[in-house]
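What follows is one structure encoded as C-alpha cells, with my remarks underneath.
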Amino acid sequence: MKAGYNVTVHDINCNAMKKFSDMGVPTKETPFEVAEACDVVITMLPSSSHVFDVFTGPKGLLQGGNLLRPWLLIDSSTIDPQTSRKLSVTVSKCNLKGKKDNLVIPLMLDAPVSGGVLAAEAGTLTFMVGGSEEAFLAAKPLFLSMGKNTIYCGKAGNGSPFSKADCLKLKWPKPFSRYCGWYSSAR
C-alpha cells in the first residue's frame, strides 16, 4: 500500500480482516473473490496444503473454471518445491479473461521471502523467485516495492530450496556458505 498499489485482502482471521477494513482496504470473503477483483494475487501461507487449498479448493483462486482475471499469481509461502511446480502447471492450463500485453495464460511465480515481519514492515524483504524469467521480469518492480533484493532462482519450485538454504546459512554461516555458493553456481 505504501508503494501506491491498490490492495485487496482475504484472511481466514477475522481480526486481521477487520484491521485492514478499518484502514479502508477492501476485503473479500474468499480467495476466489480476490481473484475476481485483482490483476495480481500474492499469497503467503503456512504450509503446502494451505497453498494448494487456497488455489484449488472449493472457494480457491482457480475456481473460475479455465478463465482467470489475474495475469500474475505469486506464492510467497515457503513450501515444498513439488507443490510449487504442480501449481505452476495447473495455472499454465488456464487462460486469461482479459488481455495483458501479449499474454494468453497467467504467469505464476513461487517467491518465498527472507527477513520476517520487521523486514516486511520496513520494505527490506529478500525474495527468492522461481518460475519463468518472463514472469520474474514482469514482477520485479512489485518485488522491489516490498523488498530490497530479488534473486532469480530459475524454474518453478526453485524459490523454496533457496529460501531454506538462506535460513540454514544464517544458522551455520561458515560451512553452509560454501554449499550455498556451490548451489547458486550450479543452477
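Derivation of every value follows stated rules applied to the coordinates shown; laboratory data play no part. Computed from a predicted model, the values in this text were never measured in an experiment. When we count neighbours, we look across all protein chains shown, and the Cβ atoms used for this are built from the backbone with ideal geometry, even at glycine.
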Original post:
Going by the conditions given, is residue 21 farther than 16 Å from residue 131 by Cα, more than 17 Å from the chain's Cα centre (by Cα), hydroxyl-bearing (Ser, Thr, Tyr) and not in a loop (DSSP other than H, G, I, E, B)?
Top reply: yes
**OP:** Within segment 1-41, track down each residue that is aliphatic (A, V, I, L, M), under 20 Å from residue 65 (Cα atoms) and either in contact with a helix residue (DSSP H, G or I) (Cβ under 9 Å, 6 or more places away or on another chain) or buried (at least 17 other Cβ atoms within 10 Å of the Cβ) (or both).
**Re:** 34, 35, 40, 41
Subject >> Residue satisfying all of: in segment 121-136; within 14 Å of the chain's Cα centre (by Cα) and part of a helix (DSSP H, G or I); farthest from residue 103 (Cα to Cα) among these >> reply: 136
Subject >> Count - residues of segment 44-64 that are touching a helix residue (DSSP H, G or I) at 6+ places or on another chain (Cβ under 8 Å) and surrounded by fewer than 19 Cβ atoms within 10 Å (Cβ to Cβ) >> reply: 8
**OP:** Determine which single condition residue 93 fails, assuming it passes every other condition in (1) closer than 23 Å to residue 137 by Cβ; (2) buried (at least 21 other Cβ atoms within 10 Å of the Cβ); (3) out of contact with any Leu (no Cβ under 7 Å at 6 or more places or on another chain).
**Re:** (2)
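Residue-by-condition table, conditions (1) in contact (Cβ under 8 Å) with a residue 40 or more places away in the chain; (2) small (Gly, Ala, Ser); (3) over 22 Å from residue 60 (Cα atoms):
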{"position": "90", "(1), (2), (3)": "no, no, no"}
{"position": "93", "(1), (2), (3)": "no, no, no"}
{"position": "102", "(1), (2), (3)": "no, no, yes"}
{"position": "106", "(1), (2), (3)": "no, no, no"}
{"position": "114", "(1), (2), (3)": "yes, yes, yes"}
{"position": "120", "(1), (2), (3)": "no, yes, yes"}
**OP:** Exactly one condition in (1) in contact with a helix residue (DSSP H, G or I) (Cβ under 6 Å, 6 or more places away or on another chain); (2) assigned to a helix (DSSP H, G or I); (3) farther than 14 Å from residue 42 by Cβ is not met by residue 87; state its number.
**Re:** (3)
